[in-house]
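Just below is one structure, and these are the notes that go with it.
The values are calculated or read from the model by the stated rules, or taken from the named source; none is laboratory data. Since we're looking at a predicted model, the values are computed, not measured. So basically every Cβ, Gly included, is an ideal-geometry build from the backbone, and we count neighbours across all protein chains shown. Just so you know, the surface numbers come from the protein's heavy atoms only, side chains and all, with ligands and any DNA or RNA stripped out. Shrake-Rupley method; radii C 1.70, N 1.55, O 1.52, S 1.80 Å.
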Amino acid sequence: MVDIGMFEGDYVIVEKKEKVQSGDIVVALLEGETTVKRYQEKSGKVWLIPENAQLKPIEVKSDDFQIQGKVIGLQRKF
């Protein structure tokens, strides 16, 4: 998520919710791994979009997928 200023070691503030809208940044559980990505629904498909030009979008094809919450803030230690 470096392209939006979110870096390793940052803390995200997450509102626990399962329903989100396209464009929201979410914490998702996909096949046993937690990830932070931008959520997008397009043409009946769900995509997890990284905010890092070096990574590719992930089309969610697995039933092993759960939205854990919506990112509502960020905190960084200096």
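Considering the stretch 13-44 alone, what residues qualify as being among the small types (Gly, Ala, Ser) and farther than 13 Å from Gly69 by Cβ? Passing the criteria: Ser22, Gly23, Gly32, Ser43, Gly44. Taking strands (runs of 3 or more DSSP E) as the structural unit, those lying wholly within the chain and holding at least 2 residues that are in contact (Cβ under 8 Å) with a residue 40 or more places away in the chain and open to solvent by 90 Å² or more (accessible area, probe 1.4 Å) correspond to 65-75.
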